[in-house]
């Protein structure tokens with residue numbers, strides 16, 4: 001009888017330890033199902049050596065050369081690279097076609113604390129209907145073009161000739177969806193020269209444009225936001 005009691009007690013203790021372990025595992029953060037493996041960050045100013053990129057392990061940082069690439073120079077006339085209080089994001093499909101572009105406000109980072117996956121965040125924000133560009137939320141774009149690797153509709157009329165500003169219909173309004181992303185030079189965090197096409201390596205991706213000051217601080221809070229919403233995402237809990 002005593003042996004049976006000890007046996008039942010041991011089972012009860014094991015169950016008590018096992019349940020919290022499962023509960024804890026359910027709350028462990030993980031990569032969001034529609035996040036790219038890496039997010040490409042294009043800093044539109046020369047290399048900042050004092051910046052600590054290790055704080056954002058899933059973000060790959062690249063800088064523009066001393067002389068701004070011509071395409072980015074003319075693109076900044078129709079799309080801020082970046083806006084004053086935010087970042088510019090572009091989704092590129094597997095064929096290098098621009099599938100989606102929009103501005104994201106730094107205010108998004110104040111609406112989530114990474115404890116509630118239902119909070120409003122960069123994945124769920126969508127442009128208002130009737131505005132220029134795609135109105136579906138970023139998560140839908142990433143799922144379709146990056147995760148499922150579908151091809152975006154390419155517009156042959158939208159093109160860029162090096163050294164010339166595009167004149168196609170809609171350029172002045174920033175309607176660049178369907179345009180092939182032109183190649184432009186970049187500098188990696190370690191000082192290595194590269195280009196956006198080399199970085200993407202024929203794969204779809206999400207590119208964001210931001211600035212970093214010479215001392216490495218401050219930076220857009222959306223960098224932290226993306227690192228944690230994309231790559232330390234808390235999956236829905238079942239209660």
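The values are calculated or read from the model by the stated rules, or taken from the named source; none is laboratory data. As the structure is a computational prediction, the values presented were derived from the model and not from experiment. Positions of Cβ are backbone-derived with ideal geometry, glycine not excepted, and every protein chain shown enters the neighbour counts.
Things to note:
This table checks each residue for (1) outside any loop (DSSP other than H, G, I, E, B); (2) more than 18 Å from the chain's Cα centre (by Cα); (3) at pLDDT below 95; (4) surrounded by 13 or more Cβ atoms within 10 Å (Cβ to Cβ).
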residue: 121; (1), (2), (3), (4): no, no, yes, yes
residue: 155; (1), (2), (3), (4): no, yes, no, yes
residue: 160; (1), (2), (3), (4): no, yes, no, yes
residue: 163; (1), (2), (3), (4): no, yes, no, no
residue: 194; (1), (2), (3), (4): yes, yes, no, no
residue: 202; (1), (2), (3), (4): no, no, no, no
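- When the stretch 48-63 is limited to residues that are assigned to a loop (DSSP other than H, G, I, E, B) and surrounded by fewer than 19 Cβ atoms within 10 Å (Cβ to Cβ), the one that is nearest to the chain's Cα centre (by Cα) turns out to be 58.
- Meets criteria (in contact (Cβ under 8 Å) with a residue 40 or more places away in the chain, crowded, with 19+ Cβ neighbours inside 10 Å and in a loop (DSSP other than H, G, I, E, B)) for residue 176: yes
- Candidate set: the stretch 217-236, residues that are part of a loop (DSSP other than H, G, I, E, B) and at pLDDT 90 or above; chosen: the one surrounded by the fewest Cβ atoms within 10 Å (Cβ to Cβ): 219
- When each of 107, 103, 17 is tested for being surrounded by fewer than 17 Cβ atoms within 10 Å (Cβ to Cβ), on the phi < 0 side of the Ramachandran plot, modelled with pLDDT of 85 or more and not in a loop (DSSP other than H, G, I, E, B), the lone residue that passes is 107.
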